Ligand code: GLU
């Protein structure tokens, strides 16, 4: 007899990680799977960062780190915020956590009471929805349209904000759409937040360095809502350090203190060695960040060119991150004579089975007519993957 809590029973499995696990298992069985499911740079962590981690081991960084993160790391992050984002956060306002995902749940748990509402913008990143539910909050989903570049209109926010709305989760460059908001568009959203007392906004900026056009704008750089913004970032995507699990926030002091308290009961702080590696990543500049960004841009152009030749697919050209959200509604309700495709998840499983390409269905992103392709892989694999996808889709009538 199992006695699982209601909390865990109502929690969904992370579909990005589930799909990655499934393709790992199939690969281990010898199948030639191309994985375009998990969003992570395919590059290795740059050498200067790995060296810093090796040195940290030799220097005996083996004791509990401070719960909030090492002082010198938080000072380096404070400098980064000032120089790259134009935001003043003192080290006291910065908390280092076990990945950006952990930073986000920390904030939700710290400021959202059971029954309070949190606005997320569909297509949203999978974990936002379940993290809100886990905290007892109510996810309020606002849909955005491909025709509007998947961007929310300020009026759409105004109609759903109630006295119970505590938080909006905002993400630009966006996972899964790859869209990037302009300064003007962000200012309009900031103005909505300003109008509603007690409303806060998480600005998830984890993809800031993977930007193909324009400038990265930080929500907290709008002075008039500075004290209502929690800026989330980390080293995973920009420095190819997904496995090291280091994320951080810049926030008003009272939120940073709450997160520190929470973390003191949960993790006792982020891994000491990974923190030393993150310090090197942020402090020492080399050209690896630029090199990776240029590779993602080249692949973005490649995948868009390839997908244009596949009948029935619609998409917008991504401006950042390394995802493309593809409208697959043309293939819903079609069959290859054996399997009928009812949902985007059905289509993802069909493609895994028939094309041996792993993708994530749009259902988990609140976008049932779509599927997400992560193109953070080699040019050759992208060409082969789209060739296989095209052949498998052509069989659906
Ligand atoms: N953020 C990445 C993705 O969306 C990594 C997996 C995850 O944490 O969800 O694929």
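Conditions (1) surrounded by fewer than 21 Cβ atoms within 10 Å (Cβ to Cβ); (2) on the phi > 0 side of the Ramachandran plot, marked per residue:
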position	(1), (2)
215	yes, no
228	no, no
232	no, no
240	no, yes
244	no, no
265	yes, no
279	no, no
285	yes, no
> Can you tell which of 376, 364 is within 21 Å of the chain's Cα centre (by Cα), surrounded by 21 or more Cβ atoms within 10 Å (Cβ to Cβ), touching a residue at least 12 places away in the same chain (Cβ under 8 Å) and within 18 Å of residue 295 (Cα to Cα)?
Replying inline: 376
>> For the range 79-111, give me each residue that is assigned to a helix (DSSP H, G or I), out of contact with any strand residue (DSSP E or B) (no Cβ under 6 Å at 6 or more places or on another chain) and over 29 Å from residue 16 (Cβ atoms).
In response: 79, 82, 83, 91, 92
> Among the residues of the range 106-163, which ones are within 16 Å of the ligand (Cβ to nearest atom), at negative phi and out of contact with any helix residue (DSSP H, G or I) (no Cβ under 9 Å at 6 or more places or on another chain)?
Replying inline: 130
> What do you reckon, is residue 69 at pLDDT 95 or above, closer than 22 Å to residue 281 by Cβ and within 16 Å of the ligand (Cβ to nearest atom)?
Replying inline: no
> Within the range 207-214, can one find any residue that is closer than 18 Å to residue 320 by Cβ and modelled with pLDDT under 95?
Replying inline: yes
> How about the range 122-156: which of its residues are farther than 18 Å from residue 103 by Cα and surrounded by 24 or more Cβ atoms within 10 Å (Cβ to Cβ)?
Replying inline: 123
> In the range 1-53, what residues are under 30 Å from residue 133 (Cβ atoms), in a loop (DSSP other than H, G, I, E, B) and away from the ligand (no atom under 15 Å from the Cβ)?
Replying inline: 1, 2, 3, 4, 5, 10
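The values are calculated or read from the model by the stated rules, or taken from the named source; none is laboratory data. Remember, it's a predicted structure, so these values are computed and weren't measured experimentally. Positions of Cβ are backbone-derived with ideal geometry, glycine not excepted, and every protein chain shown enters the neighbour counts.
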